[in-house]
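Peer 1: Encoded as structure tokens, here's the structure I'll be asking about.
The values are calculated or read from the model by the stated rules, or taken from the named source; none is laboratory data. From a predicted model like this one, the values you see are computed outputs, not experimental measurements. Neighbour counts run over all protein chains shown; Cβ positions are idealised from the backbone, glycine included.
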Amino acid sequence: MIAVPSGGICTGSFDAGMTAAYRTLIEELVPGPQPREPRVVNVLAEKNLYLGEEREFAEIARLLGGLGARVGCRLVRRVTTTEMARAGAAALNLPRDRDYGIVLARQLEQATGVPYLEREYPAGRVATREWLIAVGEALELGAAARELVAVEESRYRERLELARSSLAGKRLVVVAGAANPGWIVELALDLGLIVTRVCFLGESEPSILAALAEAGVPATQAADAEAAIAEARDLGAQLVLVPYGLARAIDGAAVRSLPSLPPTGYTVLNEAETWARLARRPEVEGWRRDADWAASKRGAGESSR
Amino acid sequence: MTLLPQALAGAVCAVEGVRGAVALLHGSTGCKFHLAALVEQQDPREVARAPLVGSVLQLYGQSRVPCTDIWAEDLVFGGEAKLEQALDTLLGDDSPEAAELVAVIASSPLAAIGDDLQGLIASARGRAARAGVRPIQVVAVDGGGLVGGAAEGFQRATRSLVREVARPDAPRRPETVNLLGLSVMHPRWSDDVAELRRMLRAIGVEVNAVLTAGATLDEIRRLGAADLNVVIHAEYGAGLARELGRLFHQPNVGAEGLAPIGLANSEAWLRAVGEALGLPSGRIAAALDGERSLVLRRMLPALSALDRTAPLKGRSAAIFGEAGPAAALATFLTEYLGIEVVLLGLDSNGAAALAQVRRLEELIGPVPSVKWRTDLTAVRDALAEARPNLVFGGSFERAAAADAGLPACCHVDFGYPLWHRTVLTERPVLGYRGTLALVEGVLNAAAGCSPERVI
């Protein structure tokens, strides 16, 4: 039985509680440095509240398997205390993201000496290539990594072609929330979409704006989601991507609510295929027309009373 | 492995769907076993289980579809003696549960060797009459032999029944319709009959007879009394509609259209019946509005809620089943829910099936992959390649999808067999209430399989 300081509802935030819990678990359950297993890695700080997390992990595990490596310990998700006791034997720690993953990685490096990759889960073709090469070099599997990248990118291009046929030349507007839309813009350009604009809801980091400018993609800041969607309509967008939960019907455009977290690795192709299906059938669904019909009947009923 | 419904199954289900009728299979126990299992699952009745061993007519504990138990030597020397014995046993049964009509259906090998069914039936009737037992109608029914699938077998058997049983002089019953092309093989058939009766009652129309799921012999006798024949599943009923048109000069609707699956198809079906009967347009419109409002009141809040977190539009689906229901479902998924159908696996074939698929493609465009009467290995491979978000199919397709690496949550029950699930509640496939059941299945599968939701 171990005690994890949490402060209840009186002190600190979700971050503080998470960080304190990690520290306690490492102190209590992860012994110090151990003899290294050269092709074993740990995955750190997975998002236990995200319903799609197993899908994201599956892609990471698949890519590592292609390198000839495997996951030894998932800190902390679906893990046993026995596995945690072997965390110090890994050759490398892989953070899920920068928020908690890097924090946990530093704690573990201090406790066990296991180095970590200063990159979060990759999203999209370029980031995944860079991540694979970095992991490969850290594990002294550089040649295997470059070979794997060549195979994966060939498969990526093949699958992409099917979606391209429905999307190339269509006008895209991206309404971006807080997350970096880099993977979206990269995928869109790979698909031959014309990225007409990226509308940010709130301020964006200068580095992100610079990257968009370099790619020739105009960026603006909208007052709110309605203004951004109105902008997309005015631009004649044929495909509009909006943050999770903000989808609206827009005449003449297919609207897609983006996943709340970027898809990992090459699973961005699932997004591409969804965009293609939406582009093939942009018409409004029957149930929405019926919702308007039902609303008009209710209105007529109320006004007659 | 190929597991597709064949003509004999369609014929047996046509007869067994009629209350008071018994399909006597003149064939081997191998054919009998799976057909009786199908009938007992699809049309369960409160009867005592037959013994595992005993009378040659009832084997394996199955009380339905008695069988003459033909062996190899019977194929060489003829099976007449066994058929005579079976007929004498059935015709000599004077219990309250005894059949009013025995339909002799020859399985494929027996159809090929050409036993004189009509002669044997006539002799059996003669012996029964001399013995003074209650007269039971005996007919030879075309089982379809080796030709065609279940729909063809169903129509051929039903035509035989109609020719033998229906009276040419049945008094007319205005504003009544016959429902054609529904078999006890269709999943949830009794709930479907109840739903269609309810829908028709909403426009002031009663059902005269159903061919043949749950029909009585009296209904079949008075087939000619109805104002109109209404086809439910075109593959099972279009030919029957033409036959009844010839026999009783009755018009028909539904033979060219899609089955009443999904909201728009159900509305179109009901409207077509009302218009064909010449009902006042106000009566039809009021009924349609009322039915639609009831469905939308339940359905729209759930669709809107899921749409905020995990939209259906842009998802992909595979559909497995007979061409008619698959085509109707495909239009509903595409036009009403925004789900793209990327794979069709069709169990039926023939002109009626092709017509349904052509109709589908006129409405929604070509489907990327269409497989006709293929085996489960090919189903698995097609699913692995297409990787649809949702799979509509029966128990076999559910297993094939699992083999293809698709999650169990993406399966929505459709078609048959559905051996993996017991349903005790009313849950039609057709009509307005069928639409609610269908959307319920889609929403649960879509929500369960959606990785995008965050707590």
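Peer 1: Please count how many residues of region B:17-33 are surrounded by fewer than 24 Cβ atoms within 10 Å (Cβ to Cβ) and either more than 11 Å from B:Val65 (Cβ to Cβ) or more than 19 Å from the chain's Cα centre (by Cα) (or both).
Peer 2: Going residue by residue through region B:17-33, those that are surrounded by fewer than 24 Cβ atoms within 10 Å (Cβ to Cβ) are B:19-20, B:22, B:28-30, B:33.
This time we only want the ones that are either more than 11 Å from B:Val65 (Cβ to Cβ) or more than 19 Å from the chain's Cα centre (by Cα) (or both), so: B:19-20, B:28-30, B:33.
Number satisfying all stated conditions: 6.
Peer 1: Continuing with the same structure: So which strands (runs of 3 or more DSSP E) stay within region B:295-385 end to end and still have 2 or more residues that are touching a strand residue (DSSP E or B) at 6+ places or on another chain (Cβ under 7 Å) and within 11 Å of another protein chain (Cβ to nearest Cβ)?
Peer 2: B:316-321, B:340-346
Peer 1: Looking at (1) within 14 Å of chain B (Cβ to nearest Cβ); (2) farther than 17 Å from A:Ala105 by Cα, which is the only condition A:Lys47 fails?
Peer 2: (2)
Peer 1: Also, quick follow-up: Among the listed residues B:Asn444, B:Asn389, which satisfies the condition of being surrounded by fewer than 16 Cβ atoms within 10 Å (Cβ to Cβ) and either out of contact with any Asp or Glu (no Cβ under 6 Å at 6 or more places or on another chain) or more than 11 Å from every other protein chain (Cβ to nearest Cβ) (or both)?
Peer 2: B:Asn444
Peer 1: Another question, if that's okay. Identify, from the list B:Leu418, B:Leu436, B:Leu383, B:Leu390, the residue that is within 19 Å of the chain's Cα centre (by Cα) and touching a residue at least 24 places away in the same chain (Cβ under 8 Å).
Peer 2: One residue alone meets the criteria, B:Leu418.
Peer 1: When residues of region B:241-268 are filtered for being out of contact with any helix residue (DSSP H, G or I) (no Cβ under 6 Å at 6 or more places or on another chain) and either closer than 20 Å to B:Ala209 by Cβ or assigned to a loop (DSSP other than H, G, I, E, B) (or both), how many remain?
Peer 2: Counting residues in region B:241-268 that are out of contact with any helix residue (DSSP H, G or I) (no Cβ under 6 Å at 6 or more places or on another chain) and either closer than 20 Å to B:Ala209 by Cβ or assigned to a loop (DSSP other than H, G, I, E, B) (or both) gives 11.
Peer 1: Could you check B:Ala286 against (1) within 14 Å of chain A (Cβ to nearest Cβ); (2) touching a residue at least 60 places away in the same chain (Cβ under 8 Å) and say which number it fails?
Peer 2: With respect to (1) within 14 Å of chain A (Cβ to nearest Cβ); (2) touching a residue at least 60 places away in the same chain (Cβ under 8 Å), B:Ala286 is out only on (2).
Peer 1: Report whether or not B:Ala157 is in contact with a strand residue (DSSP E or B) (Cβ under 6 Å, 6 or more places away or on another chain) and farther than 20 Å from B:Asp142 by Cα.
Peer 2: No; evaluated as a whole, the condition is false for this residue.
Peer 1: Spot the failing condition for A:Ala228; the list is (1) crowded, with 19+ Cβ neighbours inside 10 Å; (2) touching a helix residue (DSSP H, G or I) at 6+ places or on another chain (Cβ under 8 Å); (3) not hydroxyl-bearing (Ser, Thr, Tyr), and only one is missed.
Peer 2: (2)
Peer 1: With respect to the numbered conditions (1) within 14 Å of another protein chain (Cβ to nearest Cβ); (2) farther than 20 Å from B:Leu196 by Cα; (3) not small (Gly, Ala, Ser), which one is the sole condition not fulfilled by B:Glu291?
Peer 2: Of (1) within 14 Å of another protein chain (Cβ to nearest Cβ); (2) farther than 20 Å from B:Leu196 by Cα; (3) not small (Gly, Ala, Ser), only one is false for B:Glu291: (2).
Peer 1: Does A:Ser207 satisfy the condition of being among the small types (Gly, Ala, Ser), at the interface with chain B (Cβ under 9 Å from one of its Cβ atoms) and within 19 Å of the chain's Cα centre (by Cα)?
Peer 2: So A:Ser207 fails the test.
Peer 1: Restricting to region B:394-424, what's the tally of residues that are closer than 18 Å to B:Arg188 by Cα and among the aliphatic types (A, V, I, L, M)?
Peer 2: The number of residues fulfilling the criteria is 4.
Peer 1: Oh, and also: Looking at B:Ser304, B:Ser266, can you tell me which residue is over 26 Å from B:Pro187 (Cβ atoms) and of a type in the set (Ser, Thr, Tyr)?
Peer 2: Residue meeting the stated conditions: B:Ser304.
Peer 1: Quick check on region B:144-196: of everything there that is among the basic types (Lys, Arg) and more than 16 Å from the chain's Cα centre (by Cα), which residue is nearest to B:Cys13 (Cα to Cα)?
Peer 2: Initial filter on region B:144-196 (among the basic types (Lys, Arg)): B:156, B:159, B:163, B:167, B:172-173, B:188.
Cutting the leftovers down to more than 16 Å from the chain's Cα centre (by Cα) gives us B:163, B:167, B:172-173.
Working: B:Arg163: 18, B:Arg167: 22, B:Arg172: 28, B:Arg173: 28 Å.
Step by step, filter region B:144-196, then rank; the result is B:Arg163.
Peer 1: When you check A:Glu214 against the structure, is it surrounded by fewer than 19 Cβ atoms within 10 Å (Cβ to Cβ), more than 9 Å from every other protein chain (Cβ to nearest Cβ) and within 24 Å of the chain's Cα centre (by Cα), yes or no?
Peer 2: Details: surrounded by fewer than 19 Cβ atoms within 10 Å (Cβ to Cβ): yes; more than 9 Å from every other protein chain (Cβ to nearest Cβ): yes; within 24 Å of the chain's Cα centre (by Cα): yes.
In short, yes.
Peer 1: Another question about this same structure. List, please: which pairs have Cβ atoms under 9 Å, are six or more places apart or on different chains, and start with a residue in region B:69-82 that is β-branched (Val, Ile, Thr) and end with one that is assigned to a loop (DSSP other than H, G, I, E, B)?
Peer 2: B:Ile70/B:Gly27; B:Ile70/B:Ser28; B:Ile70/B:Gly79; B:Ile70/B:Ser107
Peer 1: Okay, next question. Test B:Gly431 against the criterion of being at pLDDT 95 or above, away from chain A (no Cβ under 14 Å) and within 22 Å of the chain's Cα centre (by Cα), and give yes or no.
Peer 2: In short, yes.
Peer 1: Going through region A:258-290 one residue at a time, which ones are touching a Gly at 6+ places or on another chain (Cβ under 9 Å), closer than 28 Å to B:Arg297 by Cβ and either surrounded by 20 or more Cβ atoms within 10 Å (Cβ to Cβ) or basic (Lys, Arg) (or both)?
Peer 2: Correct list: A:Arg281, A:Glu285, A:Trp287, A:Arg288.
Peer 1: Then there is this: What are the residues in region A:188-244 that are hydrophobic (A, V, I, L, M, F, W, C) and more than 23 Å from A:Ala123 (Cβ to Cβ), if any?
Peer 2: A:Ala222, A:Ala223, A:Ala227, A:Ile229, A:Ala230, A:Leu235
Peer 1: So, B:Glu322, is that one closer than 26 Å to B:Ala255 by Cα, charged (D, E, K, R) and surrounded by fewer than 23 Cβ atoms within 10 Å (Cβ to Cβ) or not?
Peer 2: Values: closer than 26 Å to B:Ala255 by Cα: yes; charged (D, E, K, R): yes; surrounded by fewer than 23 Cβ atoms within 10 Å (Cβ to Cβ): no.
Against the criterion (closer than 26 Å to B:Ala255 by Cα, charged (D, E, K, R) and surrounded by fewer than 23 Cβ atoms within 10 Å (Cβ to Cβ)), B:Glu322 does not qualify.
Peer 1: Going through region A:231-255 one residue at a time, which ones are buried (at least 21 other Cβ atoms within 10 Å of the Cβ), at the interface with chain B (Cβ under 9 Å from one of its Cβ atoms) and touching a Leu at 6+ places or on another chain (Cβ under 7 Å)?
Peer 2: A:Ala254
Peer 1: Could you say whether any residue in region B:351-360 is surrounded by fewer than 18 Cβ atoms within 10 Å (Cβ to Cβ), more than 20 Å from A:Thr274 (Cα to Cα) and within 19 Å of the chain's Cα centre (by Cα)?
Peer 2: Scanning region B:351-360, I find at least one residue that is surrounded by fewer than 18 Cβ atoms within 10 Å (Cβ to Cβ), more than 20 Å from A:Thr274 (Cα to Cα) and within 19 Å of the chain's Cα centre (by Cα), so the answer is yes.
Peer 1: Which residue is surrounded by the most Cβ atoms within 10 Å (Cβ to Cβ), if the candidates are limited to region A:122-139 and must be closer than 18 Å to A:Phe57 by Cβ and of a type outside the set (Val, Ile, Thr)?
Peer 2: For region A:122-139, the residue satisfying everything is A:Ala123.
Peer 1: Checking A:Ile208 against (1) under 23 Å from A:Arg157 (Cα atoms); (2) surrounded by fewer than 20 Cβ atoms within 10 Å (Cβ to Cβ), which test does it fail?
Peer 2: Of (1) under 23 Å from A:Arg157 (Cα atoms); (2) surrounded by fewer than 20 Cβ atoms within 10 Å (Cβ to Cβ), only one is false for A:Ile208: (1).
Peer 1: Follow-up question, since we're still on this one. If I go through region A:264-305 residue by residue, how many of them are at the interface with chain B (Cβ under 10 Å from one of its Cβ atoms) and either in contact with a His (Cβ under 8 Å, 6 or more places away or on another chain) or among the hydrophobic types (A, V, I, L, M, F, W, C) (or both)?
Peer 2: 10
Peer 1: Taking region B:295-315, which residues are modelled with pLDDT under 95 and either within 18 Å of B:Val429 (Cβ to Cβ) or hydroxyl-bearing (Ser, Thr, Tyr) (or both)?
Peer 2: B:Ser304, B:Thr309, listed by residue number.
Peer 1: Could you check, for region A:217-236, whether at least one of its residues is in contact with a strand residue (DSSP E or B) (Cβ under 8 Å, 6 or more places away or on another chain) and of a type in the set (S, T, N, Q)?
Peer 2: yes
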